[in-house]
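Scroll down for the structure; my scribbles are underneath it.
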Amino acid sequence: MLTLGVDLAAATKKTAAAVIEWKNGAARLAHLDLDVDDDEVVRLFGAADMAGIDCPVGWPDAFLPFIAAHLAGEPHPVLDHDGIEGRRLLAYRDTDRFVTARTGLIPLSVSADRLAHPAMRCAVIQAKIAGGLGAQARDGSGRLAEVYPAASLKSWGLLARGYKGRGGTETQRLGELLDGLRQAAPWLDLAGHEDRLAGSDDMFDAVVASLTARAVAIGATIRPDAAHAKAALTEGWIHLPIGGLAALNGTEPWHGEWHGEWHGEATGRPGSSR
């Protein structure tokens with residue numbers, strides 16, 4: 001099996017891709033690249049069995065009717081979103097609120113924060129994939145799944161904050177995080193890319209996205225239940241791993257899917273960077 005992980009930026013610069021090959025209870029980083037363009041993302045997707053992309057694949061369901069009504073000069077549904085609670089429905093998706101309730105992490109808003117630019121590019125990439133390789137469901141039930149590396153790391157018991165950026169502290173934390181990942185997944189062969197990963201949070205996140213893609217492929221992520229299935233198909237669904245890193249290569253067997261329920265609301269405050 002080949003899994004692709006993409007840390008998608010708004011442009012080619014700082015977009016990273018990682019391909020992991022899974023075979024006989026081991027995993028090897030078969031491809032790692034930075035400054036990846038759309039054509040390369042589509043090409044790598046075509047060769048992979050499962051792909052995880054670190055970028056929203058859709059917008060809140062309430063957002064388009066709100067904008068359409070505003071453009072048409074109609075009071076509703078614009079007035080339906082008066083106040084902070086109404087605006088949160090425009091800024092955050094059902095899956096964003098789920099992730100916050102589950103992990104305490106707050107994804108950036110796809111409609112009201114800097115993630116909007118990568119999401120626009122992601123929509124174009126999805127269209128290119130659909131045109132050449134077939135449309136992919138936004139809930140991750142096909143070969144493309146939305147992932148959130150910080151949430152994946154936290155789900156696996158690893159550091160999830162403070163490693164992004166080029167400062168001394170961030171670089172040190174990234175190095176420590178890479179060491180932690182290697183200790184938690186000794187079966188993962190990084191194929192000599194350790195120094196590159198220790199120096200680039202973009203490439204590191206692409207590797208985490210590829211690992212998460214493996215979790216999606218073997219059913220070791222939380223799937224949307226009946227309460228979230230409809231929104232997941234239109235807005236997208238962030239796949240949170242369950243079962244631990246060891247489950248990914250078969251050293252700890254994983255069977256079945258998560259069938260729990262979710263209750264509660266997110267605070268909706270901007271917070272964690274993807």
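The values are calculated or read from the model by the stated rules, or taken from the named source; none is laboratory data. Because the structure is a prediction, the values reported are computed rather than measured. No Cβ is skipped: glycine too gets one built from the backbone with ideal geometry, and neighbour counts run over all protein chains shown. To get the accessible areas, we keep the full protein, side chains included, count just its heavy atoms, and leave off ligands, DNA and RNA. Shrake-Rupley method; radii C 1.70, N 1.55, O 1.52, S 1.80 Å.
The Met1 and Ala101 beta-carbon pair, evaluated with R₀ = 41 Å, returns a calculated FRET efficiency of approximately 0.85.
For Glu40 and Ile67, compute 0.36 nm times the residue count separating them, minus their Cα-Cα distance, and round to one decimal in nm. Could the numbers behind the result be given before it?
Values: separation 27, 0.36 × 27 = 9.72 nm, distance 3.30 nm.
Taking 0.36 nm per residue and subtracting the Cα distance, the gain is 6.4 nm.
Close amide H contacts of Ala51 (hydrogens built in the peptide plane, cut-off under 5 Å, sequence separation of 5 or more or a different chain): Leu4, Leu144, Ala145.
A simple charge model with +1 on the Cβ of Lys and Arg, -1 on the Cβ of Asp and Glu and nothing else charged puts the dipole of the chain at about 200 debye relative to its Cα centre.
Between Asp225 and Ala246, the modelled labels are 2.7 nm apart [label points 7 Å from Cα along Cα→Cβ]. Within a straight-line Cα-Cα reach of under 20 Å, Lys230 can be paired with the following aspartates and glutamates, leaving aside sequence neighbours fewer than 8 residues apart in one chain: Asp61, Asp94, Asp96, Asp139, Glu146, Glu257, Glu261, Glu265. Here, the range 30-171 yields an orientationally averaged convex hull projection of 11.2 nm² when only Cα atoms define the hull. Taking the chain as the reference, fit the longest principal axis to its C-alpha atoms, fit the long axis of helix 63-72 to the helix C-alpha atoms, and give the angle between the two in degrees, 0 to 90, nearest 10. Orientation of helix 63-72: about 40 degrees from the principal axis. Overall, the range 46-163 carries a charge dipole of about 440 debye about its Cα centre when +1 sits on the Cβ of Lys and Arg and -1 on the Cβ of Asp and Glu, all other atoms neutral.
Principal-axis analysis of the Cα atoms of the chain puts helix 201-217 at an angle of about 90° to the longest axis. A straight Cα-to-Cα reach below 18 Å connects Lys164 with the lysines Lys13, Lys14, Lys154, residues fewer than 8 places away in its own chain not being considered.
The convex hull drawn around the Cα atoms of the chain, when projected onto a plane and averaged over every direction, covers 14.4 nm².
Kindly identify the range 48-122 as rounded, prolate or oblate by the Cα gyration tensor criterion: order the square roots of the eigenvalues as a ≥ b ≥ c, call it rounded if a/c is under 1.5, otherwise compare a/b with b/c, prolate if a/b is larger, else oblate.
oblate
In this calculation the C-beta distance from Glu170 to Asp195 is compared with R0 = 22 Å, giving a FRET efficiency of 0.85. For the residues Ile84, Ile20, a 1.4 Å probe over the protein chains yields an accessible-area ranking, largest first, of Ile84, Ile20. Here's the picture: charge each Lys and Arg Cβ at +1 and each Asp and Glu Cβ at -1 in the range 29-119, and of Thr100, Ala119, Val36 the one pushed furthest to the positive end of that dipole is Thr100.
Just reorder His31, His70 by solvent-accessible area, largest first, 1.4 Å probe, all chains present.
Numbers: His31 55, His70 125 Å².
I get His70, His31, largest accessible area first.
Placing +1 on each Lys and Arg Cβ and -1 on each Asp and Glu Cβ, with no other charges, gives the range 6-105 a dipole about its Cα centre of roughly 360 debye.
Considering only DSSP beta bridges where both residues belong to the chain, give the percentage that are antiparallel (nearest 5).
Restricted to the chain, the bridges split so that about 60 percent are antiparallel.
The residues Trp156, Trp237, sorted by heavy-atom accessible surface at 1.4 Å with ligands and nucleic acids left out, run Trp156, Trp237 from largest to smallest.
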